[in-house]
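Here's the structure we're looking at; comments come further down.
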Amino acid sequence: MEFKLDRDLCFFDLEATGLNVVRDRIMQIAVIKYKKDGSEPEELSMLINPGIPVSQEAYEVHGISPKDVANKPTFQQVADKIYEFIGNADLAGYNSNRFDIPLLMEEFARVGIEFDVSNRRLIDVQRIFYKMEPRTLKAALKFYTGQDMEDAHDALADVKATVDVFKGQLTKYDGVKYTDADDKVHDPPIVNDMQALHDFTNDNRFVDATQKMKYDTQGRIVFNFGKYNGKEVAEILSKDKQYYNWILNKEFSSQVKQIVKKLVKDYEKQQRG
């Protein structure tokens, strides 16, 4: 099956030192880039020295030891290559909206590169799977393709499995209507259209991947934590500069920091008329 693309689409997967998108680091990245012109997909796969210890829990999942990455480049040394390879492509992965994308944004931010996803379509294959057939990647591959998973938690093998699952989903759910949690029936949502899949796999209630901000019933961006929970972000941070600076200097994701900077800037510009 050929994807219907109006821009390039990068499927990617990360293996890391742990599950904290702010504190942990990438140990392996793999990307398969599908071209809008239909030419042969390109692959990028590399091990990365994270510069920090790997947690035992993470090692037990992916099996990448400190020795495996001791002589590998740091993220700073390969950041430009990864950034240029992805270019302006849309992004797809398995649980990518909650983990891989924010972690990659953090790594780029640490080396002074702003990896903006606001104009990219984000397709989380896990979200399609969990909404339609709740299971794991291994089960998803078996369910949609009949294939058995080999080399699980090797990043490139996981990316290839994710691509196969995605193709299987497009075939299986062609013309299938979706019934949501409120028993409301929707027109078939799984179509070979990246904008439609972006809309289906993203939770539009939340503004950022770590869910620190959300939209209220009036469509305003409000806090989803702390002493200002439920209050409008732009107005509060424009008036409470101490809290604004606290967010910018504490362990919030680079995505949160990008968003609050823009919100405050736009709010203050509007107030000046």
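Here residue 177 is the anchor, and the aspartates and glutamates within straight C-alpha reach of less than 18 Å, apart from those fewer than 8 places off in the same chain, are 133, 187, 193, 199. Near residue 40: Cβ cut-off under 14 Å, other residues only, Lys/Arg at +1 and Asp/Glu at -1. The net charge is -2. Of the trypsin sites (Lys or Arg not before Pro) in the range 154-211, which ones lie in a loop per DSSP and count no more than 13 other C-beta atoms within 10 Å? Of the trypsin sites (Lys or Arg not before Pro), the ones in loops of the range 154-211 whose Cβ has at most 13 other Cβ atoms within 10 Å are 177, 184, 205.
Ignoring lysines fewer than eight residues from residue 36 along the same chain, the ones with Cα atoms less than 18 angstrom from its Cα are 4, 167. Shown here for the range 194-261: GluC sites (Glu not before Pro) in loop regions (DSSP other than H, G, I, E, B) with at most 14 other Cβ atoms within 10 Å, namely 251. Value of Rg to Rh for the range 182-273, rounded to two decimals, is 1.08; Kirkwood radius and Rg both from alpha-carbon coordinates. Amide H contacts of residue 123 (H built 1.01 Å from N, in plane; Pro and chain starts excluded): 91, 92, 93 sit under 5 Å, all sequence-distant by 5 or more or on other chains. Specify whether the C-alpha gyration tensor of the chain places it in the rounded, prolate or oblate class, a ≥ b ≥ c being the square roots of the eigenvalues: rounded for a/c under 1.5, otherwise prolate if a/b is larger than b/c and oblate if not. In terms of gyration-tensor shape, oblate. Does a label point 7 Å from the Cα of residue 251, set along Cα-to-beta-carbon, have any residues of the range 35-73 with amide nitrogen under 16 Å, and which are they? Under 16 Å, as judged by backbone N against the label point of residue 251, lie 52-56 of the range 35-73.
Provide the convex hull volume over Cα atoms per residue for the range 70-187, in Å³. Looking at the range 70-187, the number lands at 134 Å³ per residue. Expressed to the nearest 5 percent, the antiparallel share of DSSP beta bridges inside the chain is 70 percent. By the rule of a C-alpha distance below 17 Å, with chain neighbours fewer than 8 residues away ignored, the aspartates and glutamates paired with residue 239 are 266, 268.
The residue among 159, 255, 230 whose Cα reaches farthest toward the positive pole of the charge dipole of the chain, with charges on the beta-carbon of Lys, Arg, Asp and Glu, is 230.
Taken together, the values in this text are just the output of simple stated rules run on the coordinates, not laboratory data. The shown structure was predicted, so the numbers you read here are calculated from the model rather than taken from an experiment. Every residue, glycine among them, receives a Cβ derived from its backbone with ideal geometry; neighbour counts consider all protein chains shown.
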